[in-house]
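S.K.: Quick one: the structure is below, questions incoming.
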C-alpha cells in the first residue's frame, strides 16, 4: 500500500459509516411513515358519501399514493376533482383542501393576475361516520360560505354482474306523451321549464331579457326504482346539453358533442366518471336512442346502437345528485337548467 492509500483509508471508513447511517435513517423514516399511515391515517381510507346541511350531496375518496394520503372530492355540483392537500391532525381529525384559480385581469401583453381560492374541509370521524365543516370564499367572491355536513363510509363496488343471467319485471312507461302526471319538480321552489309538446317531454329554460339569471329545476319521476334497464329517445339541439339521473344519483350526460374528442363529459358518458369507449352521438337536433342498464352499482350504455360503456363500476354519485345513499331506491331525474332538450318513449324495466 502506497503512502497516499494509507492516508485515504481512514477517510473511506468514515464515508462508509456516514452512508450506513443515512441509509438507516432513511429506512427508519420510511418505517415511521408506513406505521403512521397504517394507524390514524389508515382509518380514513375509503369512500365516503356526504350529505350537506341545507341540501346537496358530496363524495370523498381517500387512498394511499406512495406512502402519503391522496383523494378525490365531489361537492354538490360539477365534476369529481383531485384534492389540493389532505392530512391528518390526530386519530380522529382530517383536513382536506380544494382550490381553483380565478383570473382577475389580463393586461395587453397577456400577463394574468389571478387568485388561488381555497376551501377547507375539517372532518371528524367516529367509527364509520364523519361530520365536518367546509369554509371558504363564496362563489361570487363577495363573502364567506360555511357548510356543515355529515357522511357515512361507502362500501367498495363489488364484482361485475353477469348481464346474461338477469331477470326482468314488467316494463313501465314513464311518459305517456300526453301529460306529466307521473312527474314532479325535484325542487318545487325553482322554475320548471318542462312541458308536453307534440307528444314529447320538452325542456325550454327561457331566460328573461332583463334581470337576474333564472336557475331552472330538475324533473323527477313520482316512482322510485332499484336496478333497471332504461330505454328512451332524446333530441338535444346544437350547442345544448342536459342529463338523465339514474336513481337520482348518477348522471348520464346528454349533450351536443358530435365530432368532439372522447371525454367523460360527452353524450352518453357517466358525467366526469366514465368516458365512452367511442363516439356514437349524432349531430345536434337529431333524435338519438339511449339504452341504459344499472345493476349492482355497474352501468352499461348503448348509444344509437353502439355499446359505449360496458358494465363499468360506478364508485360514487355525480354532481347534482339528490342523495348520497347508493343502496336506496331513487327516481329517474331529467336535468332542467342547462338548455333545450326533448325526450320521448321513456320506458323502464325493473331488474328483479
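S.K.: More than 30 Å apart: what percent of Cα pairs in the chain qualify? Could the numbers behind the result be given before it?
M.R.: Details: 30271 of 61776 pairs.
Value for the chain (Cα pairs over 30 Å): 49 percent.
S.K.: Rank 168, 216, 271 by mean-square fluctuation in a GNM of the chain with C-alpha springs under 10 angstrom and give only the top-ranked residue.
M.R.: For the chain, modelled as a Gaussian network with Cα springs under 10 Å, the answer is 168.
S.K.: Hey, another quick one. Sticking with the crude label model, points 7 Å out along Cα→Cβ, report the distance from residue 131 to residue 93 in nm, one decimal please.
M.R.: That separation, rounded to one decimal, is 1.5 nm.
S.K.: Just 206, 234, 341 to compare: in a GNM of the chain, with alpha carbon springs under 10 Å, which one fluctuates most?
M.R.: Result: 206 has the largest fluctuation of those listed.
S.K.: Just subtract the alpha-carbon distance of residue 145 and residue 263 from 0.36 nm times their residue separation and send over the number in nm, one decimal. If you can, show how the numbers build up before the last one.
M.R.: Values: separation 118, 0.36 × 118 = 42.48 nm, distance 3.15 nm.
That works out to 39.3 nm of additional length.
S.K.: May I ask you to give the average projected area over all directions of the convex hull of the Cα atoms of the range 43-154, in nm² rounded to one decimal? Walk me through the numbers before you get to the answer.
M.R.: Details: hull surface 33.8 nm².
Taking a quarter of the hull surface, the average projection is 8.4 nm².
S.K.: Need one number: the % of Cα-Cα pairs in the range 201-352 sitting beyond the 29 Å mark.
M.R.: Details: 1337 of 11476 pairs.
I get 12 percent for the Cα pairs in the range 201-352 exceeding 29 Å.
S.K.: Below 8 Å, C-alpha to C-alpha, sequence gap of six or more: please give me the relative contact order for the range 33-153 in percent. Write out the running numbers ahead of the final one.
M.R.: Numbers: 244 pairs, mean separation 23.9, N = 121.
With pairs under 8 Å counted, the relative contact order is 20 percent.
S.K.: Pairing the Cα long axis of helix 3-38 with the longest principal axis of the chain, what angle in degrees results, from 0 to 90 and rounded to the nearest 10?
M.R.: That helix lies at roughly 30 degrees to the long axis.
S.K.: Indicate the gyration tensor shape class of the range 124-199 (rounded, prolate or oblate), computed on the Cα atoms with a ≥ b ≥ c the square roots of the eigenvalues: a/c under 1.5 is rounded; otherwise a/b larger than b/c is prolate and the rest oblate.
M.R.: Details: a/c = 3.46, a/b = 1.26, b/c = 2.74.
Because a/c hits 1.5 or more and a/b fails to exceed b/c, the range 124-199 counts as oblate.
S.K.: Given contacts defined as C-alpha pairs under 8 Å and at least six residues apart, what's the relative contact order of the chain, whole-number percent? Before the final figure, lay out each step's value.
M.R.: Numbers: 802 pairs, mean separation 63.2, N = 352.
Here the relative contact order equals 18 percent.
S.K.: Okay, next question. Over the range 110-173, what is the relative contact order in whole percent, taking alpha-carbon pairs under 8 Å and six or more residues apart?
M.R.: Values: 63 pairs, mean separation 14.0, N = 64.
Contact order relative to length: 22 percent.
S.K.: Shifting gears a bit: If you average the C-alpha positions of the range 281-352 and of the range 165-194 separately, how far apart do those two centres end up, in angstrom?
M.R.: The range 281-352 and the range 165-194 have Cα centres separated by 13 Å.
S.K.: Going by how many other Cβ atoms sit within 10 Å of their own, how do 222, 144 line up, fewest first? Walk me through the intermediate numbers first.
M.R.: On the way: 222 11, 144 8.
Ordered from fewest to most neighbouring Cβ atoms within 10 Å, 222, 144 come out as 144, 222.
S.K.: Taking only the alpha-carbon atoms of the range 162-205, what semi-axes of the equivalent ellipsoid follow from 5 times the gyration tensor eigenvalues under a square root, in whole Å, largest first?
M.R.: Output for the range 162-205: semi-axes of 29, 14, 10 Å.
S.K.: Taking springs between alpha-carbon atoms closer than 10 angstrom, which of 47, 267, 180 fluctuates most in the Gaussian network model of the chain?
M.R.: Greatest mean-square fluctuation among the candidates belongs to 180.
S.K.: Follow-up question, since we're still on this one. Quick one: if the Förster radius is 30 Å, what FRET efficiency do residue 64 and residue 106 give, using the C-beta to C-beta distance and rounding to 0.05? Walk me through the numbers before you get to the answer.
M.R.: Working: r = 39 Å, r/R0 = 1.32.
So, using R0 = 30 Å, E works out to roughly 0.15.
S.K.: Sort the range 269-344 into rounded, prolate or oblate with this rule: let a ≥ b ≥ c be the square roots of the eigenvalues of the Cα gyration tensor; rounded if a/c is under 1.5, and if a/c is not under 1.5, prolate when a/b is larger than b/c, oblate otherwise. Mind showing how you got there, number by number?
M.R.: Working: a/c = 1.94, a/b = 1.26, b/c = 1.54.
Oblate shape, in that a/c is at least 1.5 and b/c is the bigger or equal ratio.
S.K.: Turning to a different aspect of this structure: Give me the extension gain from residue 189 to residue 115: residue separation times 0.36 nm, minus the current Cα-Cα distance, reported in nm with one decimal.
M.R.: On the way: separation 74, 0.36 × 74 = 26.64 nm, distance 3.42 nm.
Result for the pair: 23.2 nm of gain on full extension.
S.K.: Something else: If the chain between residue 162 and residue 310 were fully stretched, how many nm would it gain, using 0.36 nm times the residue separation less the Cα-Cα distance? Before the final figure, lay out the partial values.
M.R.: Working: separation 148, 0.36 × 148 = 53.28 nm, distance 1.16 nm.
The residue 162-residue 310 span can extend by a further 52.1 nm.
We did not get these values from a lab; they are worked out from the coordinates using the rules stated. Here the structure is a predicted model, which means the values were calculated and not measured. Glycine also receives a Cβ, built like all others from the backbone with ideal geometry; neighbour counts cover every protein chain displayed.
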